[in-house]
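The values are calculated or read from the model by the stated rules, or taken from the named source; none is laboratory data. All figures in this text were calculated on a predicted structure; none of them were measured in a lab. Glycine gets a Cβ as well: all are built from the backbone with ideal geometry, and neighbour counts include every protein chain shown.
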Amino acid sequence: MAIVRHFVSSAILTFVMLSSGAAQEPQAPVPAQYSANAIGQSGTVAGKSFGLNVYIDAVSPEGQVDELIEILRQKGQDGLVSALEKSKDVGRIAPTGSVGTTMRVVLINPRPDGGQHIVLATNRPIAFGELYNGTRSRDYPIGILVLNVDGNGKGTGTFAPLCKVKFNKKKELVVEHYGQKPFRVVNVTRQK
């Protein structure tokens with residue numbers, strides 16, 4: 001499988017912007033709930049789609065984001081995963097009909113058009129089969145969902161369920177996706 005690399009992706013760019021104090025309070029009330037459709041763009045999931053529900057219970061405090069970036073810088077991805085495991089759940093993403101996965105980081109940044117740039121990230125659960133079989137996917141323990149919504153809560157985004165994050169030699173934050181492009185997220189609609 002080919003590895004798709006995205007240097008300073010929109011999710012990580014948001015992490016960096018927010019950790020540098022550029023964050024503002026979210027414009028819409030939290031908690032919030034969004035519904036959307038995710039569409040596979042490559043590999044075995046190309047063209048396949050599923051419903052996705054996004055639940056935001058709280059926004060991560062700015063200090064936590066700074067700490068997580070510093071942990072990644074100092075201890076690498078394993079240190080980041082350990083820190084995320086100890087973090088409070090602030091949201092959840094769930095394919096329609098499933099309980100889904102809790103999210104450990106939720107960032108909301110206002111957009112100039114009155115909308116919001118929303119990033120949710122977590123340490124993803126590693127399945128027993130991945131561990132037992134030693135599959136390469138276990139090296140991609142981070143999941144990232146990015147939504148761009150307008151002032152009415154409608155928009156698009158991307159969902160990358162298997163990511164590796166690190167700083168490169170130029171001290172740039174790098175997000176590497178496992179084997180395929182992220183899912184394209186469409187028909188995003190705020191429910192509550």
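Taking the criterion of being assigned to a loop (DSSP other than H, G, I, E, B), over 11 Å from the mean Cα position of the chain (by Cα) and either over 15 Å from Gly153 (Cα atoms) or aliphatic (A, V, I, L, M) (or both), the residues of the stretch 96-111 that qualify are Thr96, Gly97, Ser98, Val99, Gly100.
Checking each residue in the stretch 72-101 for being surrounded by 15 or more Cβ atoms within 10 Å (Cβ to Cβ) and closer than 17 Å to Tyr140 by Cα picks out Leu72, Gln77, Gly79, Leu80, Val81, Ala83, Leu84, Thr101. Inspection of the stretch 77-86 identifies no residue that is assigned to a loop (DSSP other than H, G, I, E, B) and hydroxyl-bearing (Ser, Thr, Tyr). The requirement of being farther than 21 Å from Val165 by Cβ, touching a strand residue (DSSP E or B) at 6+ places or on another chain (Cβ under 8 Å) and either in contact (Cβ under 8 Å) with a residue 40 or more places away in the chain or of a type in the set (Asp, Glu) (or both) is not satisfied by Ala121. Selection over the stretch 138-184 of residues that are modelled with pLDDT of 85 or more, within 25 Å of Pro112 (Cα to Cα), part of a strand (DSSP E or B) and over 12 Å from the mean Cα position of the chain (by Cα) gives a count of 6.
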